[in-house]
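Participant: Dropping the structure in here first, questions after.
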Amino acid sequence: MKKIERILAIIVLLLDHDLISTAQLADRFKVTKRTIFRDIETIELAGFPIISHPGRNGGFALMNSFKLRTYTYSTTEKQDILNALEVKEGLFGTFDQQNMIKEKITLLQADSNQGNHWRSHFSFDSPTMHRPEIEVQTKEKINTINRALQQNKKLVIDYIDNKGEWTERVIHPYELMLLNGSWYIYSYCEEREAFRYFKVTRIRCLRIQEATFTSITPPNKRRLEVNEELIHLRFRKKDLGKLYDYYTENEIEVTDSHVDVRIYANQQKTILPFLLMFGNGVKVIAPAELQEIHQQEIVKLSKTY
């Protein structure tokens, strides 16, 4: 453990205990008592009012007026912080100092839990629609994007759009967004001179620049789905379980022979790829335009082999 990490941990323990001895600290951090005395001196120089109690039952304590921990976070609030860090780690991977924060909060939690170890209530083995290998790559990109977001630095990205065209863009990152199972970064694009959504998996390379940008108020984010209309689909009854992964109770009508779904959506960007996942197990009832497009896609697929 580095010295700064040990000092931070000692501060947490001082906040959490009325009194803690030199021997206890030395044993906990596997260092000598002399090292603990030097650490205490460093903490005092940083402005923490430490009181030294001599004798067999002595040790170190913080002035009661300085100890705000009890009034800052309750046991439930500390649990919520740890859960939030677990969620963050599952979605993004581990950021700088995140493990140190978890260690400090866990130390605060230990005393109030009376020896029971904190246990995570969340698990994110694969939080998006992508394969685990793609998840790993995406988290690495998100870590880089997060550093740029924190420092208001420009990014240069090599990007492949949905038409397969490659471009190099200089972007000003504003927000990471998880939409429909995929990560996007909402950014100002210098080339287009406008705000754009960039899908993180389609960013093939990204580099943080030394140049920073001045944040501006972005326009209201447009929805990724536009021109929505009522769509009526008919599925096999055996696919009902899968349908509950995508639709609400109010959108699903179960009959004796089939399942009808009525939703508003963009037919080409959202619904069409989704329909192809069900093969011959879905039929478009309305609108007629989507029915025709669906039929054309089926014909194209039949000519693949």
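Participant: Conditions: (1) surrounded by 16 or more Cβ atoms within 10 Å (Cβ to Cβ); (2) aromatic (F, W, Y); (3) under 24 Å from T214 (Cβ atoms). Y197 meets all but one. Number of the miss?
Facilitator: Unmet condition: (1).
Participant: Please count how many residues of segment 249-305 are touching a residue at least 40 places away in the same chain (Cβ under 8 Å), closer than 14 Å to L230 by Cα and not polar (S, T, N, Q).
Facilitator: Final tally of qualifying residues: 7.
Residue-wise test of (1) under 18 Å from N162 (Cβ atoms); (2) at pLDDT 95 or above; (3) among the small types (G, A, S); (4) over 20 Å from the mean Cα position of the chain (by Cα).
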{"site": "L178", "(1), (2), (3), (4)": "no, no, no, no"}
{"site": "S182", "(1), (2), (3), (4)": "yes, no, yes, no"}
{"site": "R207", "(1), (2), (3), (4)": "no, yes, no, yes"}
{"site": "L230", "(1), (2), (3), (4)": "no, no, no, yes"}
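Participant: Any residue at all in segment 234-249 that is assigned to a strand (DSSP E or B) and in contact with a Phe, Trp or Tyr (Cβ under 9 Å, 6 or more places away or on another chain)?
Facilitator: Yes.
Participant: Mind telling me which of the residues R262, R223 ends up being of a type in the set (D, E, K, R), at pLDDT below 95 and loosely packed, with under 12 Cβ neighbours inside 10 Å?
Facilitator: Criteria check complete, one pass: R223.
Participant: Does I203 qualify as being surrounded by fewer than 16 Cβ atoms within 10 Å (Cβ to Cβ), within 26 Å of V136 (Cα to Cα) and not assigned by TED's automatic domain parsing to the domain that holds E289?
Facilitator: Against the criterion (surrounded by fewer than 16 Cβ atoms within 10 Å (Cβ to Cβ), within 26 Å of V136 (Cα to Cα) and not assigned by TED's automatic domain parsing to the domain that holds E289), I203 does not qualify.
Participant: Mind checking which helices (runs of 4 or more DSSP H) fall wholly inside segment 3-82 and carry at least 2 residues that are among the hydrophobic types (A, V, I, L, M, F, W, C) and modelled with pLDDT under 85?
Facilitator: Result: 3-16.
Participant: If you scan segment 152-168, which residues turn out to be in contact with a Phe, Trp or Tyr (Cβ under 7 Å, 6 or more places away or on another chain), more than 19 Å from Q137 (Cβ to Cβ) and surrounded by 13 or more Cβ atoms within 10 Å (Cβ to Cβ)?
Facilitator: N152, K154
The values are calculated or read from the model by the stated rules, or taken from the named source; none is laboratory data. All of these numbers come straight from a predicted model, not from anything done at the bench. All Cβ positions, glycine included, derive from the backbone under ideal geometry; neighbour counts span all protein chains shown.
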